[in-house]
Every structure is written in C-alpha cells, then in structure tokens.
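These notes concern the structure reproduced below.
The values are calculated or read from the model by the stated rules, or taken from the named source; none is laboratory data. From a predicted model like this one, the values you see are computed outputs, not experimental measurements. FYI the Cβ positions are ideal-geometry reconstructions off the backbone, even for glycines, and counts take in every protein chain you see. All accessible areas refer to the heavy atoms of the entire protein, side chains included, with ligands and DNA or RNA removed. Shrake-Rupley method; radii C 1.70, N 1.55, O 1.52, S 1.80 Å.
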Amino acid sequence: MPDSGYDASGQPPAHNGSYCMQALSDFSEHLARLIPAVGSGDFPDLVVVMLKQLVRCDDATVIVYPGTDLPVVEYFEVPAGDGKSTLDVYVKSAFLLDPFYLVATRERKWGVFRLRDLAPKDFKSSDYYKSWYHSCGYQDECGYLIPIGAEGFINIALGKRRPRTVFTKQELATLQAIRPTVELLCQKHWAEAGNPSKGSNLRGQLNAALNSFGSSILTDREAQVIKLVLHGHSTKTLAEKLSISMETVKLHRKHAYSKLEVSSQAELFYLFLDSVMSARSYDGGDPLLPYLKPGSAR
C-alpha cells in the first residue's frame, strides 16, 4: 500500500497539517483517474484503490442492489490462504439478514456507517454471524450506503482483519468528508442499475418469503420471535423489543423450534436459507409449504 502519512502504529497523526495536505493531494490524484473511468469496467477497482489509500483497511467489497433484483457483487477480494468466497451464499439469500441491507431498505438511511452501530447488541451470537459473516474475518467493518435511482442502492464495505484493529474517528471523518464526491460518481456510474426491474421483483419476493417464514406452522408471536432470532437478536434484546419477559421469549422459541423440527439456532438458520433459496418461483405465503411438501428434499 502506498505511504499516506500514517504513523508507526498504523494511525494517522491527529490534526496534522502535513497529513491533511497529503490526503488532499492523494484524493485529487485519484479523482483525476476516477472521473474519466465513470461508466467503464475499471471504475469499481479504482474506487477501492482510492479508499484503501485514504483509509487503512485490509479488505473491500462493492455490492450493487440493482432496482428490485438480487444483489450483484462488483468487487470483492479473496483473503490469502482462504481460497474461496462465501459471497455466493450472501447474494442468494443471506443478504436479507445483513444489518447494512436492513437499514437501507427499511429505514432508507444513507451515508457512512459502522457495522457495530447497526447490528443488534448480540450480533456475534447469531448464526448469521457464526455461519456466514464470521468467515469474512473482519474485526471491524464500515462502509457507504448510497442510493441509486428509484429502488437501487450500493454498499461499499471496508474491513479490518488484524486483531484488535478498528476504524478510528479520523478515518471515519475522512470517509464522511469525501462522501458527496464518492456518492455522486457512484450514482453516475450505476445510474441505470437503480431503475426498477422490468421483470419480477426478486428482492421483494425474498423479503416477502422471509416475512412469511413459518407462518403456516407457528403462531403470530412464535413467527415474530423466530424472525428476530434470525436477525441476530438474543433472548434479552428480544424481550426488550417485544416488551415481554425473557422466560416468555424462551417458551415461544422452544415451541417454534419443536414445530419446525430444529434443535438449534444453526439448524433454524439453514432451514431458513434452504427454504428461501428454493423459493425462486415464490408467489406468496410461507416458503416452508412448498419446501416441506411430500417429495421435496430437505
């Protein structure tokens, strides 16, 4: 990585005039290459190169959510030694549980965010984290959420892998400072991707399948508890969110697990993934109905 004024500990000197001038010079040089690349295949790579020089990170991913279609990975890195990426699972259905996706689609919030500020308190105990996210190896993650067109948006995710490393206030301030320029260029590059899809609303179908997951088998409250469990909420945060006791939460979860014939959060997570991934011709209702019908594989 090119030298960008960081000290020996890997952090930028706070309020250092020479560092600010160097960062401005670096940003200007990158823009000179980035602006002509808008609309070309080099654009995603050049965005990442620029961000990695301005903010120290170990990994980056650019995911575009075009119109109402499934997400498209425009840029990703396979960590040395891993040999594979888990993004294929993510784009098929796991993205429905991603805190970045949820804040963009439910709250329509845009800007610079850290995962720790969006995720439930006990996110690391969820099976979304254990079964998929943990394999990313991130110690900390932040990124941009940028709207495009009427329905689409972009997530540029930056990750730190080294133990006990986090994004500093200075780094977050840098990302925030250049946000208007990054946002404008990305919107121009992916303008067409933001328009509503002419075909089926695949993301809408998958969201509907998630919302109806287990509804044919569970009571309304049991289905509500299971959905929040999938999103990473612990017994304690579930109780707070639903204004019920922890014992009541445990009872609803126990009954739901029994009806769904699962014995752990991990089994619940994979049942959800399998049923939703098989719902490509989904036309409403509980995705478990066609998934569990006689003759279907489970």
If LEU70 satisfies every condition in (1) farther than 28 Å from SER126 by Cα; (2) modelled with pLDDT under 90; (3) not in a helix (DSSP H, G or I) but one, which is the exception? (1)
Given the conditions (1) at pLDDT 85 or above; (2) not in a helix (DSSP H, G or I), which single one is not true for VAL78? (1)
Would a scan of the range 148-169 turn up a residue that is free of Cβ contacts under 8 Å to residues at least 60 places away in the same chain, within 22 Å of ALA23 (Cα to Cα), open to solvent by 40 Å² or more (accessible area, probe 1.4 Å) and not basic (Lys, Arg)? yes
Would you check if VAL262 is touching a Leu at 6+ places or on another chain (Cβ under 7 Å), surrounded by 15 or more Cβ atoms within 10 Å (Cβ to Cβ) and either aliphatic (A, V, I, L, M) or at negative phi (or both)? yes
Residue check, ALA191 against (1) exposed (fewer than 15 other Cβ atoms within 10 Å of the Cβ); (2) touching a residue at least 40 places away in the same chain (Cβ under 8 Å); (3) under 21 Å from LEU96 (Cβ atoms), all met but one. Which one? (3)
Does at least one position in the range 261-273 carry a residue that is more than 21 Å from the chain's Cα centre (by Cα), modelled with pLDDT of 90 or more, in a helix (DSSP H, G or I) and within 24 Å of LEU206 (Cβ to Cβ)? no
If we ask which residues in the range 223-243 are more than 13 Å from LEU268 (Cα to Cα) and open to solvent by less than 40 Å² (accessible area, probe 1.4 Å), their number turns out to be 7
